[in-house]
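Structure first, then comments.
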Amino acid sequence: MEWDDLRYVLALSRERTLSRAAARLAVRHTTVGRRLDEIERALGVRLFDRTPDGYMATGAGQDLADVAERVEAEVHAAESR
């Protein structure tokens with residue numbers, strides 16, 4: 001698992017749509033969808049349920065998003081030192 005993968009999970013968890021997550025990450029929505037598929041395939045677990053209201057984190061997705069938030073905080077703290 002790389003930080004970049006966690007960034008995608010975190011953005012989708014926060015934004016709940018591919019388009020808004022893509023805007024946050026400055027990439028195309030197709031890139032977010034492709035990366036999510038790759039991450040889920042690599043981990044062997046579904047991280048998000050696709051619903052009419054957007055992408056909703058599964059239990060595993062929420063756990064990974066929580067980890068990503070902590071990593072993000074640590075990265076920001078290191079950058080500010």
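The values are calculated or read from the model by the stated rules, or taken from the named source; none is laboratory data. Computed from a predicted structure; not experimentally measured. Note: ideal-geometry Cβ built from the backbone for every residue, glycine included; neighbour counts use all protein chains shown. What goes into the accessible areas is simple: the full protein's heavy atoms, side chains included, and nothing from ligands, DNA or RNA. Shrake-Rupley method; radii C 1.70, N 1.55, O 1.52, S 1.80 Å.
Consider the stretch 50-62. How many of its residues are within 13 Å of the chain's Cα centre (by Cα) and open to solvent by 70 Å² or more (accessible area, probe 1.4 Å)? Walk me through it before giving the result.
The initial filter retains those residues of the stretch 50-62 that are within 13 Å of the chain's Cα centre (by Cα), namely 55-58, 60-62.
Now drop any that are not open to solvent by 70 Å² or more (accessible area, probe 1.4 Å), which leaves 56, 62.
Residues that pass the stated criteria total 2.
Against the test of being among the polar types (S, T, N, Q) and either touching a residue at least 24 places away in the same chain (Cβ under 8 Å) or within 13 Å of residue 8 (Cα to Cα) (or both), the options 51, 31, 58 yield a single qualifying residue, 31.
What's the total number of residues in the stretch 52-81 that are part of a loop (DSSP other than H, G, I, E, B) and closer than 20 Å to residue 19 by Cα?
Of the residues in that region, 3 qualify.
Being under 11 Å from the mean Cα position of the chain (by Cα), under 19 Å from residue 66 (Cα atoms) and in contact (Cβ under 8 Å) with a residue 60 or more places away in the chain is a condition met by no residue of the stretch 12-27. Checked against the criterion of being in a helix (DSSP H, G or I), among the hydrophobic types (A, V, I, L, M, F, W, C) and at pLDDT below 95, the stretch 21-32 has no qualifying residue.
Within the stretch 8-43, the set of residues being closer than 17 Å to residue 60 by Cα, hydrophobic (A, V, I, L, M, F, W, C) and open to solvent by less than 80 Å² (accessible area, probe 1.4 Å) comprises 9, 10, 11, 12, 36, 39.
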